[in-house]
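A.B. asks: One structure, pasted below without further comment.
The values are calculated or read from the model by the stated rules, or taken from the named source; none is laboratory data. Values in this document were obtained by computation on a predicted structure and should not be read as measured data. Positions of Cβ are backbone-derived with ideal geometry, glycine not excepted, and every protein chain shown enters the neighbour counts. Note: areas computed on protein heavy atoms with side chains; ligands, DNA, RNA excluded. Shrake-Rupley method; radii C 1.70, N 1.55, O 1.52, S 1.80 Å.
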Amino acid sequence: MNTEPGELISSARPAPYAATDAVSRGRRYAEPSPAYRSEFQRDRDRIIHAAAFRRLEYKTQVFVNHEGDLFRTRLTHSIEVAQIARSIARALRLNEDLTEAIALAHDLGHTPFGHAGQDALNGCMKEYGGFEHNLQSLRVVDELEEKYADFPGLNLTFETREGILKHCSRKNAVELGELGERFLKKQQPSLEAQLTNLADEIAYNSHDVDDGLRAELIHVDQLNDIPLFYRQYEEVKQRYPDLSQRRTIHEVVRRLINCQVVDLVQTSDQRLEQVCPADLESVRRQPQALITFSDSMRELNHELKGFLRNHLYRHYRVHRMSAKAMRVIRDLFDAFFQDPRLMPEEAQLRVAELSDNAGTIGQARAVADYIAGMTDRYAITEHARIYNPEKLT
Ligand code: MG
């Protein structure tokens with residue numbers, strides 16, 4: 001990279017290994033090129049207009065949506081990921097539109113109630129092919145959105161779909177055809193997909209620290225042994241000794257994000273210079289991802305993740321919410337799977353359609369699609385409508 005930090009970085013000249021319209025593998029259903037927009041810009045716009053995107057506002061990351069208005073939801077998380085990912089893409093002269101599209105779509109398949117919801121639904125679907133939010137995001141953009149006259153789903157480009165599918169089992173990779181190929185051949189996705197994946201990590205680690213501290217589930221003293229946090233904290237304290245605790249934490253979180261982004265850009269830039277891939281296809285053929293943290297940052301990151309797992313995600317108050325959430329999901333699945341006529345008419349039609357094709361497996365999938373699409377609030381209300389005799393409609 002010829003630019004120095006602080007220098008204006010222009011996205012006008014994409015690097016030779018960036019994804020561009022010219023090298024895109026295109027869409028599943030051919031369409032004329034958009035006027036005044038790039039193909040990836042059109043992807044990004046279609047995602048913004050999707051119903052599943054709007055629902056992210058009422059879906060949980062770690063905290064249940066109605067717990068407090070200040071906490072992140074999947075919508076604000078996705079926007080934060082897009083912001084971080086775009087900065088990285090611009091610094092590395094990669095495709096910002098593709099990066100943003102992947103970032104905004106990456107969580108579309110999440111169930112209500114975060115990971116607890118996904119685990120519960122996966123348990124319910126054990127005998128029917130399982131449930132995985134990553135694959136579900138792809139299902140949303142490929143099939144479930146009903147927006148366009150000419151095709152099901154959003155008909156996104158191969159590159160955006162490739163970026164959404166971060167991981168995939170061998171069995172599913174075989175079924176997915178062209179999109180699954182890279183998992184079988186052990187190839188890499190575009191650099192835009194690689195960086196968005198890491199931007200996601202930077203975003204959730206940092207904002208879970210922020211939200212966890214605000215909720216008083218974790219405390220600054222506990223983070224003493226976590227250098228990634230503490231180094232920044234000490235620096236801020238030294239420089240601004242009289243700053244309020246709230247502003248101190250925000251300043252620390254801001255620096256936490258920034259130091260990871262800078263490390264990622266510098267390390268990846270060096271690797272790209274060493275390997276010098278000629279184009280996107282050569283990026284795909286690399287044995288390893290070219291977008292990475294330095295070894296030391298990866299280690300620091302690992303420690304922070306371990307801390308969050310032990311002290312935040314396993315905190316008894318979070319666990320109580322998760323346990324409750326799992327019960328709601330299981331109850332809903334049981335009720336709808338046993339008797340699909342309890343579902344709204346539109347969802348019943350999907351059950352009929354999918355069970356015509358795949359019998360019980362199809363029926364279970366349609367129920368899982370219906371539940372996965374719910375917001376936290378809607379799932380709680382549906383649960384009451386089905387199980388609470390005092391709730392009549
Ligand atoms: Mg995410």
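A.B. asks: Quick one: ranking His315, His167 by accessible area, 1.4 Å probe, largest first, what do you get?
C.D. replies: His167, His315
A.B. asks: Just how much of Asp119 is accessible, in Å², when a 1.4 Å probe is used and the result is rounded to the nearest 10?
C.D. replies: Using a 1.4 Å probe on the heavy atoms, I get roughly 80 Å².
A.B. asks: With a 1.4 Å probe and all protein chains left in place, how much accessible area per residue does segment 36-318 have, in Å²?
C.D. replies: Spelled out: the 1.4 Å probe surface of segment 36-318, per residue, equals 45 Å².
A.B. asks: Rounding to the nearest 20 debye, state how big the charge dipole of the chain is about its Cα centre with +1 on each Lys and Arg Cβ and -1 on each Asp and Glu Cβ.
C.D. replies: 420 debye
A.B. asks: I would also like to ask the following. Hey, if you put +1 on the Cβ of every Lys and Arg and -1 on every Asp and Glu Cβ in the chain, which of Leu280, Met125, Ser294 ends up farthest toward the positive end of that dipole?
C.D. replies: Going by the Cα projections, it comes out as Met125.
A.B. asks: On to the next question. Compute, for His133, the solvent-accessible surface of its heavy atoms (probe 1.4 Å) with the complete set of protein chains present, and express it in square angstrom to the nearest 10.
C.D. replies: Only protein atoms counted, so the area is about 20 Å².
A.B. asks: Whole-Hz Karplus ³J(HN,Hα) for segment 141-146, in order, using 6.51 cos²θ - 1.76 cosθ + 1.60 and θ = phi - 60°, x for Gly and Pro?
C.D. replies: Running phi through 6.51 cos²θ - 1.76 cosθ + 1.60 with θ = phi - 60° gives 6, 8, 9, 7, 5, 10 Hz.
A.B. asks: Could I ask something else about it? Find which of Ser33, His49, Gly373 sits farthest along the positive direction of the dipole of the chain, computed with +1 on the beta-carbon of Lys and Arg, -1 on that of Asp and Glu, about the Cα centre.
C.D. replies: Value: Gly373.
A.B. asks: Please check: in the Gaussian network model of the chain (C-alpha springs, under 10 Å), which one of Arg25, Arg182, Arg139 has the largest mean-square fluctuation.
C.D. replies: Of Arg25, Arg182, Arg139, the most mobile in the Gaussian network model is Arg25.
A.B. asks: Then there is this: Checking the a/c ratio against 1.5 first, then a/b against b/c, what shape does the Cα gyration tensor give for segment 88-166?
C.D. replies: Oblate, because a/c is 1.5 or more while a/b does not exceed b/c.
A.B. asks: Top to bottom by accessible area (1.4 Å), largest first, where do Arg330, Arg284 land?
C.D. replies: Arg330, Arg284
A.B. asks: Return, for the Cα atoms of segment 152-298, the radius of gyration and Dmax in Å, separated by a comma.
C.D. replies: 19.4, 59
A.B. asks: Quick one: length gained pulling Arg385 to Gln238 fully straight, 0.36 nm per residue minus the C-alpha distance?
C.D. replies: 47.4 nm is the gain from fully extending Arg385 to Gln238.
A.B. asks: Near the amide H of Thr292, under 5 Å away, which other amide H atoms are found, from residues 5 or more places off or on another chain, if H is placed in the peptide plane?
C.D. replies: The list, which skips near neighbours in sequence, is Ser268.
A.B. asks: At a 1.4 Å probe radius, carbon and sulfur cover how many percent of the accessible area of the chain?
C.D. replies: Here carbon and sulfur together make up 48 percent of the probe-accessible area.
A.B. asks: Could you name the aspartates and glutamates in cross-link range of Lys126, using Cα to Cα under 17 Å and dropping any fewer than eight places away on the same chain?
C.D. replies: Straight-distance partners of Lys126: Asp331, Asp334, Asp369.
A.B. asks: In what order, largest first, do Cys276, Cys259 sit by accessible area if the probe radius is 1.4 Å?
C.D. replies: Putting Cys276, Cys259 in descending order of accessible area: Cys276, Cys259.
A.B. asks: Could you please state, rounded to a whole Å, how far the C-alpha centre of segment 96-111 is from the C-alpha centre of segment 142-201?
C.D. replies: For segment 96-111 versus segment 142-201, the Cα centre distance is 11 Å.
A.B. asks: Considering all alpha-carbon pairs of segment 261-318, what whole percent are spaced by more than 14 angstrom?
C.D. replies: Across segment 261-318, Cα pairs with separations above 14 Å total 65 percent.
A.B. asks: For the chain, just run the numbers: alpha carbon Rg, then divide by 2.2 N^0.38 Å, N being how many residues it has.
C.D. replies: 1.03
A.B. asks: Looking at the P(r) of segment 319-387, how many percent of alpha-carbon pairs lie beyond 16 Å?
C.D. replies: 44 percent
A.B. asks: Based on the Cβ-Cβ distance from Arg309 to Tyr230, what FRET efficiency comes out when R0 is 22 Å, to the nearest 0.05?
C.D. replies: That gives a FRET efficiency of 0.75.
A.B. asks: Could I ask something else about it? Could you tell me the relative contact order of the chain? Use alpha-carbon pairs under 8 Å, at least six residues apart, and round to a whole percent.
C.D. replies: About 21 percent, as a whole number.
A.B. asks: Give me the net charge of Asp200's neighbourhood, meaning all other residues with Cβ under 9 Å from the Cβ of Asp200; Lys, Arg count +1, Asp, Glu -1.
C.D. replies: -1
A.B. asks: Going by amide H atoms built from the backbone, whose H comes under 5 Å of the H on Thr157, apart from near neighbours?
C.D. replies: none
A.B. asks: Moving on. Classify segment 223-327 as rounded, prolate or oblate from the Cα gyration tensor: take a ≥ b ≥ c as the square roots of its eigenvalues, call it rounded if a/c is under 1.5, otherwise prolate when a/b beats b/c and oblate if not.
C.D. replies: oblate
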